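Below is one structure; the comments refer to it alone.
The values are calculated or read from the model by the stated rules, or taken from the named source; none is laboratory data. Just so you know, these numbers come straight off a predicted model, no measurement behind them. Glycine also receives a Cβ, built like all others from the backbone with ideal geometry; neighbour counts cover every protein chain displayed. For the accessible areas, the whole protein counts, side chains as well, though only heavy atoms, and no ligand, DNA or RNA atoms are used. Shrake-Rupley method; radii C 1.70, N 1.55, O 1.52, S 1.80 Å.
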Amino acid sequence: MATRRTTKPQKNVPPAPVVCSPCDGSGMVAATVRVGRKRRPVGQQDGICLNCLGSGLAPDA
């Protein structure tokens with residue numbers, strides 16, 4: 001005798017959010033600090049990522 005197989009309906013699962021590539025999902029990027037007339041680089045400081053505006057998620061294209 002044959003058995004009947006039934007499948008459960010698939011639930012719509014939203015796709016995983018895409019991570020922003022310039023900041024790697026942290027929302028912060030390193031910005032070089034320059035000083036003096038010759039604009040010598042003296043260090044780096046953290047700044048907000050302008051691509052995702054600090055959220056860490058890639059913006060919708």
Practice task
With a 10 Å radius around each residue's Cβ, average the other Cβ atoms per peptide and rank 41-53, 8-20, highest first.
Solution key: 41-53, 8-20
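Given Cα pairs under 8 Å that are at least 6 residues apart, what percent is the relative contact order of the chain?
Relative contact order for the chain comes out at 34 percent.
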Handout entry: Whole-percent carbon and sulfur share, accessible surface of the chain, 1.4 Å
Key = 53
Completion exercise
For Val19, the residues 5 or more places away or on another chain with a placed amide H closer than 5 Å to its own amide H are Ala58
Fill in the blank from the handout: Here the stretch 39-55 yields Karplus 3J(HN,Hα) values (6.51, -1.76, 1.60; θ = phi - 60°; whole Hz; Gly and Pro given as x) of 6, 6, x, 10, x, 9, 9, 7, x, 6, 6, 7, 6, 10, 6, x, 7
Practice task
Would you mind giving the three semi-axes, in whole Å and largest first, of the ellipsoid equivalent to the chain according to its Cα gyration tensor?
Solution key: 51, 10, 7
Handout entry: Under 5 Å, built H, 5+ apart or other chain: amide partners of Gly54
Key = Cys49
Exercise for the section: Keeping all protein chains in place, calculate the accessible area per residue for the chain (probe 1.4 angstrom), answer in Å². Expected result: 97
Fill in the blank from the handout: Length gained if Leu50 through Arg4 is fully extended, taking 0.36 nm per residue and subtracting the Cα-Cα distance, is 11.0 nm
Completion exercise
The ³J(HN,Hα) series, computed from each phi in the stretch 8-17 with the Karplus coefficients 6.51, -1.76 and 1.60 at θ = phi - 60°, rounded to the nearest Hz and given as x for glycine or proline, is 7, x, 6, 7, 6, 9, x, x, 5, x
